[in-house]
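What follows is one structure encoded as structure tokens, with my remarks underneath.
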Amino acid sequence: MQVGKASIKFEEPPVIESMASIVGKKEGEGPLGKLFDVVEQDDMFGADTWEKAESALQKQTADLAIEKGDIRKKDIRYLFAGDLLGQLIATSFGTVDLEIPLFGLFGACSTMGEALNLGSMTVAGGYADKVMAMASSHFATAEKQFRFPLSYGNQRPFSASWTVTGCGAVILSKNKKEGIAAITGITTGRMIDMGIKDSMNMGAAMAPAAFHTIQQNFDDFNVDENYYDKIITGDLGQVGRAILLDFMKNKGHDLETIHTDCGIEIFDPDSQDTHAGGSGCGCAASTLCSYILPKIKDGTWKRVLFVPTGALLSTVSFNEGETIPGIAHGVVIEHIGN
């Protein structure tokens, strides 16, 4: 099943059996608003702190994915989940009542890709019949931890992205004829550090990692951009997309017409003040479950390379003047049927 240096081609591809997406009010006002399962008008989600709100968001999304798939919670062997907060507190507090064995993951905004990589390997390897992969983010918790408290009212540069308040969850199971889509392969990314130090330009920090993972996928599977109907990155936004397209063009690959980015799709640049676009673990996760997977299910896209991207900084590393390494994980998702 190993292919090339960093990829796996599944002999019996795991399938996505169920999916759910819940987002906040601003995301619901964007271009994908009608596609999400739930648009919550109260960004506090009935809680008394932003962090508890994100935990509630995760719990509601997980419950919805289980309900939509008509799945018994006890049949889910493992949960692969994460968020942006220190010590994964949104996940650890949000999933405790699920009573599902947990692998807590941190890949920054690439976390959904990491969860799908690990979840797919676990199911394909026979270590579980069903697993859940989930990731969340919340605008207010991310601003509070990484940038400025909301009440500070700071101005953001145009290269900055807007952390999505959202969560996406999928349930993976063993190969069967019916499902939303099949995961036929993965390409696990490695750390790429180009020396970027600007925390307000995540696209520039993550674009080199996206380039490396996409190129590695091409090399490992001996394919090129024509193999895919769409190549969709996670959180590059307008700035990161331009860098990625330049890098790929220098390698002889023209992605202009087949590439898009979750951070670009989720917000309207003309009517919503999000500058470069969306970001956060919940950006790629919620866009996957609301926009990407339905198009694969109905055959609009037969094969997609989904590449969530992450900027692996922390408040400690940033305050100490360190650079911002990037990472990106590739997931090959295909239509089931003719």
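The values are calculated or read from the model by the stated rules, or taken from the named source; none is laboratory data. Note that the structure is predicted; figures quoted are calculated from it, not measured. Note that each Cβ is placed from the backbone with ideal geometry, even for glycine, and that neighbours are counted across all protein chains shown.
Can you spot a residue in the range 264-284 that is modelled with pLDDT under 90 and under 24 Å from PHE218 (Cα atoms)? Yes, the conditions are met somewhere in the range 264-284. Filtering the range 158-191 to residues that are crowded, with 20+ Cβ neighbours inside 10 Å, at pLDDT below 95 and either basic (Lys, Arg) or more than 22 Å from THR61 (Cα to Cα) (or both) leaves ALA160, SER161. Of the residues making up the range 220-238, at least one is among the hydrophobic types (A, V, I, L, M, F, W, C), surrounded by 15 or more Cβ atoms within 10 Å (Cβ to Cβ) and in a strand (DSSP E or B). With respect to (1) more than 19 Å from VAL170 (Cβ to Cβ); (2) at pLDDT 95 or above, the lone exception for GLU67 is condition (1). Take the conditions (1) closer than 24 Å to GLU114 by Cβ; (2) surrounded by fewer than 24 Cβ atoms within 10 Å (Cβ to Cβ); GLU256 misses just one of them, which is (1).
Kindly provide the set of residues from the range 23-39 that are in contact (Cβ under 8 Å) with a residue 60 or more places away in the chain and either under 16 Å from GLY168 (Cβ atoms) or crowded, with 21+ Cβ neighbours inside 10 Å (or both), ordered by number. Answer for the range 23-39, where residues must be in contact (Cβ under 8 Å) with a residue 60 or more places away in the chain and either under 16 Å from GLY168 (Cβ atoms) or crowded, with 21+ Cβ neighbours inside 10 Å (or both): VAL23, GLY24, LYS26, GLU27, GLY30, LEU32, LEU35, PHE36, ASP37. Checking each residue in the range 266-304 for being crowded, with 20+ Cβ neighbours inside 10 Å, more than 13 Å from ALA181 (Cβ to Cβ) and of a type outside the set (S, T, N, Q) picks out ILE266, PHE267, ALA276, GLY277, GLY278, GLY280, CYS281, GLY282, CYS283, ALA284, ALA285.
Quick check on ALA53: is it in a helix (DSSP H, G or I) and farther than 17 Å from THR165 by Cα? Here the answer is no, as ALA53 does not meet what is asked. Any residue in the range 104-111 that is surrounded by fewer than 21 Cβ atoms within 10 Å (Cβ to Cβ) and either under 28 Å from VAL304 (Cα atoms) or at pLDDT 95 or above (or both)? Yes, the conditions are met somewhere in the range 104-111. So in the range 70-102, with the set limited to residues that are out of contact with any helix residue (DSSP H, G or I) (no Cβ under 7 Å at 6 or more places or on another chain) and within 24 Å of ILE186 (Cα to Cα), which one is surrounded by the most Cβ atoms within 10 Å (Cβ to Cβ)? Only one residue fits best here, namely ILE76.
Counting the residues of the range 70-110 that are among the β-branched types (Val, Ile, Thr) and part of a loop (DSSP other than H, G, I, E, B) gives 4.
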